[in-house]
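Data first, discussion second: the structure below is written as C-alpha cells.
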Amino acid sequence: MPKFLTTWILSSAALAIAAGLLGEHMNIGEGDSTAARVISIAIVGAIFAVINTFVAPVIKTLSLPFIIITLGFALLVINALLLLLTEWLTDKLDVSYFEIDGFWWAVLGAVVISLVNVVLGMFFKKK
C-alpha cells in the first residue's frame, strides 16, 4: 500500500477515534447519515495527512531547539496547532464540517491521535 494512502487511512481512523472519545468538544461531520460522516472523516483525514506530510516536518525541524529544551513537550503544542490548522483549513475551503472547542481540547485531541497512531501503526508496520 502506498505510504500516503496508509497515512490517510491511519489519520482518518485516529481522527474518528479522537472525535468519538472527546464527544462534543471535537466534531467531524454533520447530520445523522453514516455515509456523510464517513465522507467527512475521509476528507478531514486527507487534509490532516497532507498537513502532516508536508507542513509538520518543516515546523518540527525549525522548532527542534525548543523541542529539545522542553524535553519533547513542545511536540504536543505543535501537534495541537497542526490540528487547529486542519480545522481552519477545512473551514476556509468549506469542504467538510470539523470543529474543535479550543486549544486545550486540541492538545488532548493531539495526544489521543498520537496514541492511536502508535497503536494502529504497529499493525501496519512493514516487515
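The values are calculated or read from the model by the stated rules, or taken from the named source; none is laboratory data. None of these values were measured; they are calculated from a predicted model. Because the Cβ atoms are built from the backbone with ideal geometry, glycine has one as well, and the counts that use them run over all protein chains shown. Each accessible area value is taken on the protein alone, full model and side chains, heavy atoms only, with ligands, DNA and RNA left out. Shrake-Rupley method; radii C 1.70, N 1.55, O 1.52, S 1.80 Å.
Leaving out ligands, DNA and RNA, what percent of the accessible area of the chain is carbon and sulfur, probe 1.4 Å?
Roughly 72 percent of what the probe reaches on the chain is carbon or sulfur.
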- Note on the structure: Under 25 Å between C-alpha atoms, the lysine pairs in the chain lying 8 or more places apart or on different chains count 7
- Separation of the stretch 4-71 and the stretch 107-127 by C-alpha centroid, Å? 11
- Please work out the Kirkwood hydrodynamic radius for the chain, using every pair of different C-alpha atoms, and report it in angstroms with one decimal place. 14.9
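Counting each DSSP H run of 4 or more residues in the chain as -39500 (n - 2.57), what helix-only mean residue ellipticity at 222 nm follows after dividing by all residues, to the nearest 500 deg cm²/dmol? Kindly include the intermediate steps, with their values, before the conclusion.
Working: 6 runs with 92 residues, N = 127.
Rounded to the nearest 500, it is -24000 deg cm²/dmol.
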- Item | For the chain, accessible area per residue (1.4 Å probe, heavy atoms of protein chains only), Å² | 62
- Query: Along the Cα-to-Cβ line of Leu64, 7 Å from the Cα, sits a label point; which residues in the stretch 78-103 have backbone N less than 19 Å from it?
  - Reply: 78-79
